[in-house]
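To start, the structure itself, in structure tokens.
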Amino acid sequence: MSDPLSTASLNVRAATRDQEELRASRFAMRLSLAVGVLMLLGKTTAYYTTGSAAILSDFAESVVHVIAVAFAAFSLRLSTKPAAPTFLYGYERIAFFSAGFEGAMIIIAAIWILIEAVEKWMAGLPLENLGSGTLLLLGAGALNAWLGWYLLRVGKRGHSLILEADGKHVLTDCYTSFGVVAGLGPVLRTGWKPFDPLVAIAVAINILWSGGRMAWRSAVGLLDYSDPETGKSIREKLDLICNQIGVQYHGVRYRTTGYRQIIEVHLLFPHVLEVGEAHRLATTLEERLPVELGKPAEVITHLESLEDHEHVHSTRHYTGRPEKDC
């Protein structure tokens with residue numbers, strides 16, 4: 001049997017850790033918004049200085065990024081609000097809407113870049129001051145590389161889909177800047193201006209791919225996609241805990257809100273076991289599983305009689321996991 005005091009102590013430490021990670025996530029989001037605005041100002045200057053279609057593509061991506069980060073900041077704040085009488089499960093699934101919105105904005109930016117690049121190519125290619133504009137983009141790309149890495153690190157540590165999506169978008173912005181700088185090099189060396197819209201088109205296709213992947217992740221999240229690796233981890237921890245407290249389980253189901261795992265599991269107890277004792281053991285599992293997983297989780301248990309649960313389930317359609325001996 002597990003020590004109740006030890007479990008309570010672990011729960012307190014986990015709650016403290018969650019609060020620290022939430023504060024870190026909020027700071028990271030504010031930093032992302034501030035840097036995004038700074039990047040937008042720098043790229044605006046670079047575009048109006050050079051008139052480059054490639055730099056325009058980077059500028060457009062930054063416009064989208066600032067809008068998306070503003071929505072992500074709102075989503076992060078909303079996702080941490082407690083449940084309300086009209087939203088009994090809380091607001092955490094706004095994370096998927098945030099990722100989807102960011103993906104959709106990226107796709108719109110990519111389409112606009114493609115149109116602008118073709119129009120500039122057809123209308124002529126008046127380029128000037130490419131050297132200074134390229135240096136501005138290089139500095140912006142370096143700053144975004146650091147910011148994207150930081151956002152992903154904080155997002156993974158705090159299990160925040162919103163921050164992870166933002167971090168990936170920032171890295172996309174970084175790759176865009178470096179791609180534009182690399183593409184403008186031949187223009188500076190050879191003077192052949194069509195390199196500029198060609199780079200813009202290549203950047204737009206890359207952005208389109210990134211936005212599509214982000215939108216897809218949002219869609220499968222809203223459809224409660226069950227990640228196999230997550231399921232494997234949950235069952236390994238269930239095996240460990242159930243073996244220690246002496247119960248069996250089956251019917252495991254799980255989904256994510258973008259922050260927490262929601263885990264449902266059926267526990268099997270001997271018919272002669274008192275309800276109070278069965279409930280105590282179930283509560284032990286509910287408290288220990290999130291701690292063992294090392295991530296925020298809500299565990300919902302359903303208590304069943306070991307002797308007749310197969311007969312009960314055979315009388316109705318059931319799609320849960322077969323019984324697991326622990």
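Quick look at the values:
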quantity	calculated
Share of carbon and sulfur in the accessible heavy-atom surface of region 200-313 [1.4 Å probe, %]	56
Length gained when the stretch residue 41-residue 222 is fully extended (0.36 nm per residue, less Cα-Cα span)	61.7 nm
Estimated FRET transfer efficiency when R0 is 56 angstrom, pair residue 279-residue 48 (beta carbons, to 0.05)	0.25
Highest-first arrangement of 274-281, 241-248, where packing means the average Cβ count within 10 Å	241-248, 274-281
Mean accessible surface per residue for region 200-251, computed with a 1.4 Å probe while every protein chain stays in place, in Å²	52
Over 21 Å (Cα to Cα) - which of 156/295; 81/237; 156/232; 168/232; 168/237 fall in this group	81/237; 168/232; 168/237
Simple spin-label estimate for residue 298 and residue 30 in nanometres, 7 Å along Cα-Cβ	2.8
Whole-number accessible area per residue in Å² for region 26-86, which is evaluated in the context of all protein chains at 1.4 Å	42
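The values are calculated or read from the model by the stated rules, or taken from the named source; none is laboratory data. In this text, all values refer to a predicted model and were calculated from it rather than measured experimentally. So basically every Cβ, Gly included, is an ideal-geometry build from the backbone, and we count neighbours across all protein chains shown. Note: areas computed on protein heavy atoms with side chains; ligands, DNA, RNA excluded. Shrake-Rupley method; radii C 1.70, N 1.55, O 1.52, S 1.80 Å.
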